[in-house]
1. On the full set of protein chains, 1.4 Å probe, figure out the accessible area of Asp261 and give it in Å² to the nearest 10.
2. Sort 146-154, 73-81 by the packing proxy (mean of other Cβ within 10 Å over each peptide's residues), most packed first.
3. If we sort 318-327, 390-399 on the protection proxy, mean other Cβ atoms within 10 Å, highest first, what's the order?
4. Ordered by packing density, taken as the mean number of other Cβ atoms within 10 Å over each peptide's residues, highest first, how do 233-239, 377-383, 279-285, 167-173 rank?
5. Suppose R0 equals 41 Å. What FRET efficiency, 1/(1 + (r/R0)^6) with r the Cβ-Cβ distance, do Leu232 and Leu193 give to the nearest 0.05?
Amino acid sequence: TCSLLFTGSTVGSVVGTILLERIVNFLGQFCPSLDQHTYLPAVPFFDCLFTKNVSAARPCDVGYSPSKARFSSLVLGGLLHPLFFIIMGTARNYPALLLAYVIAAFARSFWTCEYLNFYVVSTPKKPLGVLLGCWCIGSFSAPLVCQTLMAKGILWKHFYLGSLVISAIALSLTIFSFRPTRNEFLTDRKAALDAMQIMSSAHSPGTDTIIQPFHEEKVRALSMPYQWAFSLLAFIYGGSETTFQGFIVTYLLTNRGSSPDTVGYVSSGFWGGMAAGRILWGYYCTGLTFTQRKHIIHACTGVSFLMTILIWFVNSTIENALSSAVVGLMYGPIFPGTLGLCNNVLPRDVHMVSMAILLTEVFKPCSPFMTGIISNKDGMRVFCYVTVSQTVAMFVLWLFFPSSPTCAHFKFRVSLERSSKNGIDI
């Protein structure tokens, strides 16, 4: 039944992925003809309530503000995610728990969307590794606190209800950090007005003209072999990470006879190692060359493979816990490093689409779900089979990635020339 919770996460991710673009585009609508801005979408009902100069806002004068869309989507995710804690803390049956996982995955889709991560990558210091590392700090702290409370006899439901305080703090920090500034509003307003002037001749009067991001680059990104290669690696890594952190505790309880009062700390060790790895990568990766980053990530996959072998063959809870922490440390740089290398290899105009594909969580719960189904029949020993095979797959796949961006660009130009000769428009 535990694997069904990953099914709920898959459903929430699928729904979030399908609706995300439409919701973000709706939340980013604003009236550039007005001198003031609101945090609500440019809907006539809201304009009548919250704007003074309504007559100046014509129905066709609706533009798209990236800063407003980013802020509104983050706030919406921050409002939806506390429902997960409320349902988990008050649920009395299994379907309610399943619904909570669906809501949590749906809310996370607004936090892990390409708009936020592309914004982080576009900043001067590019702190994506630090951002993902801070996410891991929360994953490290949660099982540590929950295990401590349970060891003292406190019900696990109280942990989820207490987490509502953290949600309130996170929502407050999100509003403070990502609220659109006056300069961002003026920049978005100027871009929307300029786009309207360019497109005014192509639309008849009286029709709605909503300036939204163009998506023609999606087809171009999906036609690139390296995009598929990076996507496959991200899919394997995401499944391996979720499978490892989701079943390592169950594996130690059933196959190693670990103590229920302390085994939860192993999961904290895994996330603590990952947090350290991602924060270190975020601080030091900017000083590394493309080739150095490629070799470091390759070494991380190799060390992860060795650690999973030790967990498989060494019958020791302490050693398995240490190996789990090392796996987390090695897993830390893989995902942000893959995103960085992908941006170096692929053309700039497809970076946002590429990041959206790599960050999608639709297929991430598939691996733990299948692992749970197989373990119901063959036992938790399949955990080692799955994790070892996934680390081997990442190690082997990474061999085929370029060692320098120059080599990658040369191969990309060759593929374009071959496609043009065959009459294929990329």
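The values are calculated or read from the model by the stated rules, or taken from the named source; none is laboratory data. None of these values were measured; they are calculated from a predicted model. Reconstructed Cβ throughout: ideal geometry from the backbone, glycine too, with neighbour counts over all protein chains shown. For accessibility, only protein heavy atoms count, side chains too; no ligands or nucleic acids. Shrake-Rupley method; radii C 1.70, N 1.55, O 1.52, S 1.80 Å.
1. About 90 Å², ignoring ligands and nucleic acids.
2. 73-81, 146-154
3. 318-327, 390-399
4. 233-239, 279-285, 377-383, 167-173
5. About 0.45, to the nearest 0.05.
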